[in-house]
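Shown next, in structure tokens, is the structure this report addresses.
FYI, it's all coordinate maths here, none of it is from the lab. The structure presented is a predicted model; accordingly, all values stated were derived computationally and were not measured. Cβ: placed from backbone, ideal geometry, glycine included. Neighbour counts: every protein chain shown.
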Ligand code: SF4
């Protein structure tokens, strides 16, 4: 279903080595900080956390919420996000010890556990599963839903997209790169107001052909 599209995107973007983080802990932190804000603001918060040695789930779990708020202020909604970071870090370290302790387990168990954490919705859960824990889960975000609707000329449910992508791509790296390429396309061309004229997909995309 998505194989041809993957190839079209790959010719333009290649291997993006998505998600942009140095460690799995940083990936989890990033998935929470990026809610309702731009990545630029997240980067500022991550830099500050790193400089202040509050950069792993262990370190966050033992940090006072007021201090955490200060460190992540640039990412916005810092009252809420500091609470989410604390809960997620504490619950993961208490139950599994660390992120490696969550890998290679029953996928449904881990998915259910992550979905039960405060501040975690579908997209955040999927990002943690795929990018921090290497489970074969596809991330369906707003970029994906908008782009697929335009490209294929029909609305997919997020469940359908996940099923098709997870059936099609057996390699975890393909699932990671597919989502990374869609995010980049959504920022470069398939924006809220799409710039079809300069988009490399304009001859293949139903919306772009009109
Ligand atoms: S051609 Fe237009 S609608 Fe289609 S993917 Fe490109 S920017 Fe989006």
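Details
- Order of 75, 198, 38 under a 10 Å beta carbon neighbour criterion, fewest first: 198, 38, 75
- Residue 146 versus residue 40: modelled label distance in nm, points set 7 Å from Cα along the beta carbon direction: 1.6 nm
- According to the Kirkwood relation over distinct C-alpha pairs, the hydrodynamic radius of segment 65-190 is 16.0 Å.
- Computed over the chain, the range of Cα coordinates on each principal axis works out to 54, 36, 26 Å, biggest value leading.
- Per-selection Kirkwood Rh - segment 24-132 (Cα, Å, 1 d.p.): 13.7 Å
- Convex hull of segment 1-81 built on C-alpha atoms - directionally averaged projected area, nm²: 6.7 nm²
- 196, 190 arranged by Cβ crowding within 10 Å, fewest neighbours leading: 196, 190
- Each principal axis of segment 92-151 carries a Cα extent, and these read 43, 22, 16 Å when sorted largest first.
- Diagonalising the gyration tensor over the Cα atoms of segment 55-105 and scaling each eigenvalue by 5 before taking the square root yields semi-axes of 23, 10, 8 Å, largest first.
- Sorted by Cβ neighbour density within 10 Å, fewest at the top, the residues 195, 11, 88: 11, 195, 88
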